[in-house]
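Notes for the one structure printed next.
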Amino acid sequence: MTYCVGILVRAGLVMISDTRTNSGVDNVNTFRKLYLFEQPGEAAMALAGAGDLSVIQSILSMVTEGFPNPETGEVERLLDTVSMFKAAQLVGRAMRETSRAAQQNGEGGLSDTQILLGGQRKGRRLRLFMIYPAGNFIEASDDTPFLQIGEHKYGKPILDRAVTFETDLQSALKLGLISMDSTLRSNLGVGLPIDLAVLPRDTQRVELSHRIEAGDPYFEDLRQRWSEALRATHQAIPKPPYEGIAESVELVPARRR
């Protein structure tokens with residue numbers, strides 16, 4: 001499986017993805033799942049996928065190389081789209097085409113495939129979408145400034161509590177990495193390295209594209225500090241005032257018969 005998160009705040013967009021793929025406990029591999037498309041000053045987009053890796057790579061090839069519009073016959077590519085809404089529609093169409101081809105080959109649909117697409121074209125809004133197998137999508141908003149795909153449940157609580165649209169860009173990246181760390185600790189299907197990208201609003205460029213490998217000093221420090229902070233916080237909270245809770249339990253050895 002995988003875990004990908006996109007965080008859209010007033011200052012810009014953060015995209016983070018793990019790289020683990022596996023087909024059983026003895027076949028674990030590393031593949032990039034976060035892809036960047038950029039025309040500096042004109043357009044910058046980030047695409048992350050969760051689900052069948054071969055399907056995601058097929059979709060990626062289609063939107064990169066382009067495929068014909070059924071109405072106009074013109075070949076359309078992701079960076080040719082005039083807005084992020086049109087870009088999301090193009091990715092959705094690529095998902096439908098890939099699903100149709102898979103069904104014709106007797107391979108089933110794309111029920112477990114989802115894609116995050118975020119970015120901005122010059123003169124348009126910075127936007128973030130989650131695209132479903134049917135090609136439809138939802139959009140992040142001021143009230144819901146982050147979207148997740150894959151093994152999202154472990155990393156969601158910190159984002160629910162801490163991320164708002166007014167969160168600064170560095171804090172959004174830090175919270176996204178804490179969310180990823182929580183997932184790494186709880187799910188073996190998610191693993192290092194981690195790919196991340198930061199796209200500031202109204203710049204139409206990728207300011208930061210980075211891979212966090214095992215042993216990365218900042219990420220290791222973040223993981224340790226977060227664990228210590230959680231332990232310190234839970235110890236600082238007063239004990240429950242409810243009656244009937246013993247201060248300590250004395251263990252009595254079982255009697256031999």
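Listed residues Arg211, Arg223, Arg255, Arg231; which is at pLDDT 90 or above, over 30 Å from Leu34 (Cα atoms) and charged (D, E, K, R)? Spell out how you get there, then give the answer.
On the way: Arg211 fails: over 30 Å from Leu34 (Cα atoms); Arg223 fails: over 30 Å from Leu34 (Cα atoms); Arg255 fails: at pLDDT 90 or above.
Going through Arg211, Arg223, Arg255, Arg231 in turn, just one is at pLDDT 90 or above, over 30 Å from Leu34 (Cα atoms) and charged (D, E, K, R): Arg231.
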Next on the checklist: What's the number of the only condition in (1) buried (at least 18 other Cβ atoms within 10 Å of the Cβ); (2) without any contact (Cβ under 8 Å) to a residue 40 or more places away in the chain that Gly119 fails to meet?
Outcome noted: (2)
Item to check | Number of positions in the stretch 111-143 that are within 18 Å of Leu169 (Cα to Cα) and among the acidic types (Asp, Glu) | outcome: 2
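Residues Asp221, Asp195, Asp216: which one is under 16 Å from the mean Cα position of the chain (by Cα) and at negative phi?
Details: Asp221 fails: under 16 Å from the mean Cα position of the chain (by Cα); Asp216 fails: under 16 Å from the mean Cα position of the chain (by Cα).
Going through Asp221, Asp195, Asp216 in turn, the sole match is Asp195.
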Next on the checklist: Filter the stretch 164-220 down to the residues that are part of a helix (DSSP H, G or I) and surrounded by fewer than 15 Cβ atoms within 10 Å (Cβ to Cβ) and list them by number.
Outcome noted: Gln170, Arg185, Ser186, Pro217, Tyr218, Glu220
Next on the checklist: Anything in the stretch 147-197 that is over 21 Å from Arg20 (Cβ atoms) and among the hydrophobic types (A, V, I, L, M, F, W, C)? List them, or say none.
Outcome noted: Ala162, Val163, Phe165, Leu169, Ala172, Leu175
Checklist entry - Which condition number does Arg96 fail, the rest of (1) without any contact (Cβ under 8 Å) to a residue 40 or more places away in the chain; (2) closer than 23 Å to His152 by Cβ being met? => result (2)
Checklist entry - Name the strands (runs of 3 or more DSSP E) wholly within the stretch 1-114 that hold at least 2 residues that are surrounded by 14 or more Cβ atoms within 10 Å (Cβ to Cβ)? => result 3-9, 12-18, 20-22, 34-39, 43-50
Checklist outcome for this item: Gly135 vs (1) over 30 Å from Ala101 (Cα atoms); (2) of a type outside the set (A, V, I, L, M, F, W, C); (3) surrounded by 11 or more Cβ atoms within 10 Å (Cβ to Cβ): all pass except (1)
Item to check | Count of the stretch 65-93 residues which are within 23 Å of Glu207 (Cα to Cα) and in contact (Cβ under 8 Å) with a residue 24 or more places away in the chain | outcome: 9
Checklist outcome for this item: The lone condition Ser58 fails out of (1) under 23 Å from the mean Cα position of the chain (by Cα); (2) under 30 Å from Arg201 (Cβ atoms) is (2)
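The values are calculated or read from the model by the stated rules, or taken from the named source; none is laboratory data. Predicted model only: the values in this text are computed from it and were never measured. Ideal geometry is used to build each Cβ from the backbone, glycine not excepted, and the neighbour counts take in all protein chains shown.
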